[in-house]
Structure formats: structure tokens, C-alpha cells
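Here, each number is a calculation from the coordinates, and none is a lab measurement. If you're wondering where the values come from, they're calculated on a predicted model, not measured in any experiment. Reconstructed Cβ throughout: ideal geometry from the backbone, glycine too, with neighbour counts over all protein chains shown.
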Amino acid sequence: MRTEKIAATKPVWHADLLGVDDLVVGYRGAALLPPISMVVRPGERWVIVGRNGSGKSTFLKTILGLLAPVAGRVLKDPALRVAYLPQRHGLDSVVPFRAIDLVTEGLDRGWSFLMPRRAGYRARVRAALARTGVDAFAWARFDDLSEGQKQRVLLARALVGEPSVIFLDEPTSAMDLVAQQTTLDILDDLRLMQQTAVVMVTHHLSSALSNADKALFLDAEHGVVACGTVQQILADPTFEYHFGGLVDHHPSQCETGPLRVGSHADEP
Amino acid sequence: MNLETTASWDLFWSSWALFRDPLLVAAIAGTVLGYLGVFIVLRRMVFVAAALSQSAGCGVAFAFFAQIHWRVSATVAEPRVWSLLLTLLVAHALRGSFHRLITREGLLAVIYVMGAAGALMLGTRISQEAHDIQSILFGTGVMVSPADLRWVALTGLVIGTWQLWWRRGFLFASFDPQGARVRGLPVAMLDITLLMTVAVFVSVATHALGALPVFALSVAPALAAVVVSNSPLITSVLAATFGMIAAVGGYLWAFWGAFPVGASQTCLAGLTVLAALVWRTGCRWIRQVLRSEQDPALKYSA
């Protein structure tokens, strides 16, 4: 039974970028959520939703290798180029990094720091800064920028490395409405032009769900994980219980029922 | 006053052969320690440098003690080797799992006081080498041996080259370890390498200059550079330059003022921070004055 399940969820390389196989996330060996299985394919738009403390950031950090999984595994394409935009940057302001220095740093991956940078890297950095609308602050100290500008600089750093999958943890939380829409447009362009998969944790449910192909709903309180298309998630009873009145979509529009991956407790 | 100064210059140049090696050691050690200091400051491990330099001093004192009281041959109880061993041991302990039992700063404090107390206690039992112990702890020595020059030059060249080669990795892993890990940089390897290179050079430099100036040179020039500069590259260049100026200038200051060398170098390194703060505050004040002088009426009348 277990073998069948792994075979069914095991990613097929060259078609899939990243797979999560019965992954249990948590801290110090204590599971926070039931096992999660999902596959991220090129050009897909994923959104991870849930209430505060539902385990969204923990799940993201476990996929990225920043936290050890309690059980299960994360399968990655060996050629996978990951970019990550954290919820809050932990960048120290001691050494004066300018926006351009930070974006240039985004070119390094693996052991590439041992080699001289490729010709034309400055143009790539400039293009990334211009794309996120922060080229005017290129020479400003990162620490002197507003939180919204900092997030756009970090987005430029994520883009400059030409990622195959980009993980974003509430990327627009400090941005004004124009910057939010610009960011979503940039991510959509990236997806369409470079087949970059986008996995985003967000609280902006309506815009996120209307812009996403697939969704992962997490609820640590009730021990519920639901993974599937946006329509499937919208039809999930726990999701409906918490967020039903907050999204523009109506569950009755869904074509199929929710794909329940696991549950720890009774549903509400 | 002028006559006295001229006489001092004459004396200095006539004894150039005597002063050349110490000045070369000061220049190399000051440059490399200043450069390494940027990472020490960036990683907020300022007192790691203090603990390492004191441990290196204790290692040297132990080697002398073993030679004199246990009749261990100078080859086995080589001060540089014991200084290096103790420094690497401390560096390893700082990376270990003690932080689950004791806070990092608590561990650093224990290592620092044990290193200093150990060197002083051993020093009282080796009166023949008491001056050397003083030199190692406080950098009071005016002369350096040709072997010291060779060691400082060789390790300075190797570590300096290594640091420049791996610079981007060290900087990324120090500034944003989480981002570096996500991008597949070998963060653990970079951490170990950085700490070990700092430990090795601090150990070698402590034997030549003394623990106090080595601690000062590995922290103060970098702090000064951080205050006045605007980019990581300029910070590194300025820190190395300030380090060299403090080490060489401190030696010359000690010569003319008849001060202990280590104290002069330490004091000058501290003064670079003060000068940087004055410079930065002055620049900010001038900018504010210029801005306030722009009369809005004049600004829009054109």
C-alpha cells in the first residue's frame, strides 16, 4: 500500500521540479501537521494558505532544507535552481550592503563563488533591479530603504539567479497596492516566459487563489492538510469553515471535491 | 623640539636594519587582521578574537614551561605549534555543542579568562622567559625574530589568498546564512574554514605581536571601516588599510614616545574607530547644514 503511494507521488524528473513525499514537518521531532505529499511542476502557480501559526512557514523552511523534517522526504531535481523570499529578512545591518550588492549576491549558487562571474553579469543585475522597480535605489544602503523597497530588492535578488522555482513567504506583506500588483505581474511574467514555478505563502486569499493553479491548505490546530486544485481547496470543509466568507469564489462552483491528504483531528 | 625629532629620525634610519622586520610583521599582520576583522564584526564574534588570542598566548607560555620544567625538547614544545594547537582547540570548542549547556558569550568569557590566567600563572614559573610572556600577552616586544617574520609572511600570504578567493562565499554565508543555504552554498564548510583561518592567523600573529594588539587589530580597524564605508568591498579594503596603519603607526609611535609597542598599536587601532565616528558625524552634520541652507523660497523662485 505504502509502495503504491510513493510510486504514485514520486516525481518524474525533467517534468517535475520538486516533490514532497509523506513529509511530516514540526520541531524537535514533534509533528505539527499530518504527512504532506505534493509535486511542483514547471510553470505551476502554487499558493499555501492557512491561519497564523498553521505551519505554512515551517513547511516552506522544511522544503528548503532550513529545517529537518520529522519524517518523509523532499525530492529535488538535481538541476533545480531555488530562490527564496523570506517573510522577514534576517539580514544584518552591520556591514553596509547596497541594494546592488545584495542583488549581485543572488548570482551565486553552490560553489560558484570560487569562479569569476560571467561576462555581462552587471547587465543582468541592472535588469533585475529595473524589473522590480528599484533601479533608482541601486546605490542606496539596503538598511536605509523602506520595508516595501527592501522586499522588492530581495525579489530582484531572487530573480537575478534565473530560478526554476521561487518560494515566497508573504512577499507583498509590506508593499503598497501598486507594488503588490507589480510583484504579482512580475511573477506571472516569469512563469509564462521562463516556466518558473511559483510557490507562495500568503494571507491575501482572494487575489492569491484567483491567480493560482494549485493550493495547499494547512491547519495545524485541527491537524488538517488539503492539497489540490484551487477549486478542490475551496470545497474543503475546514477551509470553508475558516475562510468561506472571506474569498470571492464560492465552493459550489468547484467541479470536484477536496483532495484530503491527511487529518489529525475531527473536522469542524 | 625639531632637533630632537631630527635626532630620532636619524636614529631610526641608522637602525633601519633593526626595525625593518618588526615593521614588516606589523604591516602584514595589521593588513590581514584588519581584513579578517570584517567577518569577525559581521558575524558578531568580536570576543572570539579575544578568546583565540588569549588562548594562543597561553599555548606559548605552556611551551616555554614544558621546555624549562619538564625538559621537553624545543622541537616538541615549539611555542608556535602549541599556540596553534590551543587556538584550534578553542575554535573547535566554539563550534561544538556546548551552546546547549552554556551560552556562547559565557563560554567565550571562560576561555578568555582561563587563557589569560593560565599564561600569567605559567609565567611566574618561568622567570627566565618572563619578558617573553609579557611580550606575548601585551605585545611589549620591540623586536621580532626572522622566524616570526617568515611565519607571519607565509601564513599571511596563504590565508590572504584563500580569503580573497573564497571572499564571495564568506560574505554571503556571513551576511545571509539562510539565503546562502537555500542557494546551495556550503555554509557549514564556509563557517569552519573562516573560523579556522582566523584561528591560525591569530595564533601566528599573537606569537609575533602579542595577544592585546592582535585582539585590537582584528576588531577596531574593521569597526572603523564599517562606520565610514558604503559597500562591502570598500569596507574590506579600508579595514585592511586601517589595520596596517594602526600596526605600523603604533610601532613608530612607540619608538618616538618610548611607549610599549603593543599598547601603542592597540591605542592607535582604537583611535581609528574614534576618527571614523568623528568623520561620519561631521559628514552628516555638513549635509544637514547644506540642506537647511537651501531656502525653499530660493529653491522655487528659479
Which percent, nearest 5, of DSSP beta bridges in the protein assembly as shown are antiparallel?
55
A correct fewest-to-most ranking of B:Leu24, B:Leu11 by other Cβ atoms within 10 Å would be B:Leu11, B:Leu24
Rounded to the nearest 500, what is the 222 nm mean residue ellipticity of the protein assembly as shown from helices alone, with -39500 (n - 2.57) per DSSP H run of 4+ residues and division by all residues?
-19000 deg cm²/dmol
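Let's see if you can work this out: charge +1 on each Lys and Arg Cβ, -1 on each Asp and Glu Cβ, no other charges. What is the dipole magnitude of the protein assembly as shown about its Cα centre, in debye to the nearest 20? Present the calculation step by step, with values, prior to reporting the outcome.
On the way: 47 positive and 42 negative charges, 191 e Å.
Dipole size: approximately 920 debye.
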Distance between the C-alpha centers of the range A:148-170 and the range B:23-44? Whole Å please.
34
Charge dipole of the protein assembly as shown built from unit charges on the beta carbon (Lys, Arg +1; Asp, Glu -1), centred at mean Cα; most positive-end Cα among A:Ala136, B:Ile286, B:Leu33 is B:Leu33
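Taking 0.36 nm per residue of sequence separation and subtracting the Cα-Cα distance, how much length would be gained by fully extending the chain between A:Met193 and A:Val178, in nm to one decimal? Don't skip to the end; give the middle numbers.
Numbers: separation 15, 0.36 × 15 = 5.40 nm, distance 2.22 nm.
Result for the pair: 3.2 nm of gain on full extension.
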Chain B: angle of helix B:104-124 to the longest principal axis, Cα-based, in degrees nearest 10:
40
Hey, got a sec? Which trypsin sites (Lys or Arg not before Pro) in the range A:16-101 land in a DSSP loop and have at most 11 other Cβ atoms within 10 Å?
A:Arg28
Close Lys-Lys pairs in the protein assembly as shown, where close means Cα under 21 Å and separation is 8 or more or interchain:
11
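Based on DSSP loop calls and a cut-off of at most 14 other Cβ atoms within 10 Å, the longest stretch of chain B free of exposed trypsin sites (Lys or Arg not before Pro) is what?
Details: sites that count: B:Arg44, B:Arg71, B:Arg125.
Excluding the exposed sites themselves, the longest stretch runs over B:126-302.
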Quote the FRET efficiency, to the nearest 0.05, computed for A:Ala68 versus A:Ala127 with a Förster distance R0 of 41 Å and r equal to the Cβ-Cβ distance.
0.65
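Compute, for the range A:91-162, the length of the dipole vector about the Cα centre, with Cβ point charges of +1 (Lys, Arg) and -1 (Asp, Glu) only. Units Debye, rounded to 20.
Details: 12 positive and 9 negative charges, 74 e Å.
The calculated dipole for the range A:91-162 is roughly 360 debye.
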For the range A:91-126 the chymotrypsin sites (Phe, Trp or Tyr not before Pro) that pass both the DSSP coil test and the at-most-13 other-Cβ-within-10 Å test are A:Trp111
